[in-house]
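Here's the structure we're looking at; comments come further down.
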Amino acid sequence: MGSVGVLTNSVLVCAPLMSQSVEQMVSDMQEAKAQGADIVEIRLDCVRDFRHPQDLKFLLKNKPLPVVIVYRPKWEGGQYDGDENMRLETLHLAKQLGADYVDLELKVASDLIGEHKLDKHRSSKMIVSYYVDGSIPSKEDLSQLVAHMQSTGADIIKLVSNSSSITELSRIFHLLSHCQIPLIAYSIGDRGLISQLLGPKFGGLFVYGSVEENPVPGLPTLFSLRHAYGIEYINAETIVFGLISKPVGHSKGPLLHNPSFRHVGFNGIYVPMLVDDLKDFFPIYCSPDFAGFSVGIPYKEAATEFCDEVHPLAQSIGAVNTIIRRRADGKLIGYNTDCEASITAIEDALKVWGCTNGEATLPSPLTGRMFVLVGAGGAGRALAFGAKIRGARVVIFDLDFDRAKSLAMAVSGEAQPYQDLPNFQPEKGAILANATPVGMHPNKDRIPVAKVTLGDYKLVFDAVYTPRKTTLLKEAEAAGAIIVSGVEMFLRQAIGQFNLFTGGEAPREFMRDIVLAKF
């Protein structure tokens, strides 16, 4: 395993502050420092009735940590709409007063060079910034843009984009790896999140994180950067694992995998990857740096097509939730850790409650039971095959009746129309498993079956794990059923993934403690 635990990068964690008063700005600077920021970006254009120069002097006198002064005009996406000369005079004064960094837009920096008005103060570093409107340019165009920015004499250059696809971010990583001067480059929004998180690996200077109480859309929080991702430990040798999903924001995988990597001394990072098209994604993220992936909704079935090899269990299920890049040849190998995770969670709960069908000789407490499955997607297929292997009689409901019939045929089960589910009367002692997103945050109040039937089930399992105890589980518990949360399945499948990711043994108790504390 790669070593971890020693601070190995020089990245600075920067908190952008957009407070509306200078007093609040000072308070927010102190809070950002307490939450782990190394530096703050002060947006003067957000301060109401900003008074030049007294407010600037007040801010710089009371700063508890290094600052970047930004006074962004409306034409560059900011809020300042006043006199341009006054704005530039304020930025000039910030340099004179000893601001650690002053941010200047590329257009302005270029104009000032042409007019021979761009001075530099040794105590204050100049950041020349540019917002890329639209899709991220080609590698060649980016290189030309950087050369133009570098010609301004900038100490640091900063490129911000709003990527429409995660595949575009590879150009940012390439740029970070090859730039000859300090560079800040990232994309905002959910699709751009990994450009922030992986910046330290590819050579970025700043990583931006928001203060917990004032979250910035598309930015991780300072707390998550420090505690979930361990941003200060990421270096060029860090191995990347990603969750491929859409949506991806609900995932708690980073909260579990990243601390566990650090706990066992494995130099890896686990990041959420919002992917729109698998066909475009895999050819781009094909380097050894990206050593494996979790696969979430809605790609567990489709992802099998992009694997060079599929483990026999995953092949029979027709769905993968884990893909590993084999080191020897770079081929993608697909696995399914959902199946055993979900079924053993159900079996163990039945055993704890002494539900063994009265036959100690039976191979599983599921043997012979009716197993009612709602959802025939990737998670549903894993549950169906697991139940079949244990000898259960599987009844499947899905919005797509043809998909339900196909799965039923594969597991020698029975398919029923989804519209019949509210009136379906199960056998006494049956098992109910929800493998749909029904009941997931934010639509937490829905349940997939009729409430009056819950009392007929011996056990109810819900693959949804946000929230931990779904409405379905609350109603089932009230009706007298044994309940099993998707959190238990999540933990068990994550342990299986961890073993595949690292080639080692997962710290089971450590991971369970995280789940109990954080989920």
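Angle of helix 338-352 to the longest C-alpha principal axis of the chain, folded into 0 to 90 degrees and rounded to 10: 60°. Placing +1 on the Cβ of every Lys and Arg and -1 on the Cβ of every Asp and Glu, with nothing else charged, gives the range 237-349 a dipole about its Cα centre of roughly 300 debye. Positive end of the dipole of the chain (Cβ unit charges, origin at the Cα centre): among 203, 217, 380, the Cα lying farthest that way belongs to 380. Apply 1/(1 + (r/R0)^6) to the Cβ-Cβ distance of residue 327 and residue 96, taking R0 = 56 Å, and write down the FRET efficiency to the nearest 0.05. E between residue 327 and residue 96, to the nearest 0.05, is 0.55. Per residue, the chain exposes 42 Å² of accessible surface when a 1.4 Å probe is rolled over the protein heavy atoms with every protein chain present. The figure for residue 178 is an accessible area of roughly 110 square angstrom, using a 1.4 Å probe on the protein chains alone. Computed from the Cα positions only, the extents of the chain along the three principal axes stand at 88, 49, 41 Å, in decreasing order. P(r) tail, the range 430-508: Cα-Cα pairs separated by more than 17 Å, 47% of all pairs.
Ellipsoid semi-axes for the range 308-350, based on the Cα gyration tensor and the rule √(5λ), read 26, 10, 6 Å when sorted largest first. Measuring nothing but protein heavy atoms, the accessible surface of the chain at 1.4 Å probe radius is 51 percent carbon and sulfur. On full extension, the segment bounded by residue 143 and residue 24 gains 38.9 nm, given 0.36 nm per residue less the C-alpha separation. For the range 239-281, the alpha-carbon radius of gyration amounts to 1.27 times the rule-of-thumb value 2.2 N^0.38 Å expected for a compact globular protein. Cross-linked pairs 139/300; 252/474; 33/139; 300/405; 74/139: Cα-Cα separations exceed 30 Å for 139/300; 33/139. Work out the charge dipole of the chain with +1 on the Cβ of Lys and Arg and -1 on the Cβ of Asp and Glu about the Cα centre, then indicate which of 10, 450, 182 is farthest towards its positive end. Most positive-ward Cα: 450. Taken over the Cα atoms of the range 127-208, the convex hull encloses 77 Å³ per residue. Net charge of the neighbourhood of residue 259, taken over other residues with C-beta under 15 Å away and scored Lys/Arg +1, Asp/Glu -1, is +3. Over all other residues within a Cβ to Cβ distance under 13 Å of residue 471, the charged ones net out to +2, with Lys and Arg as +1 and Asp and Glu as -1. Dipole magnitude for the chain: computed about the Cα centre from +1 point charges on Lys and Arg Cβ and -1 point charges on Asp and Glu Cβ, it is near 900 debye.
In a simple Cβ point-charge model (Lys, Arg +1; Asp, Glu -1; nothing else charged), the range 298-443 has a dipole of about 220 debye relative to its Cα centre. In a solvent-free Debye calculation with one equal scatterer on each Cα, what is log10 I(q)/I(0) for the range 18-91 at q = 0.14, 0.22, 0.25 Å⁻¹, listed in the order of the q values? Relative scattering, expressed as log10 I(q)/I(0), comes to -0.41, -0.96, -1.19.
The values are calculated or read from the model by the stated rules, or taken from the named source; none is laboratory data. If you're wondering where the values come from, they're calculated on a predicted model, not measured in any experiment. In this analysis, Cβ positions are derived from the backbone assuming ideal geometry, glycine residues included, and neighbour counts consider all displayed protein chains. Heavy atoms of the whole protein, side chains included, go into the accessibility calculation; ligands, DNA and RNA do not. Shrake-Rupley method; radii C 1.70, N 1.55, O 1.52, S 1.80 Å.
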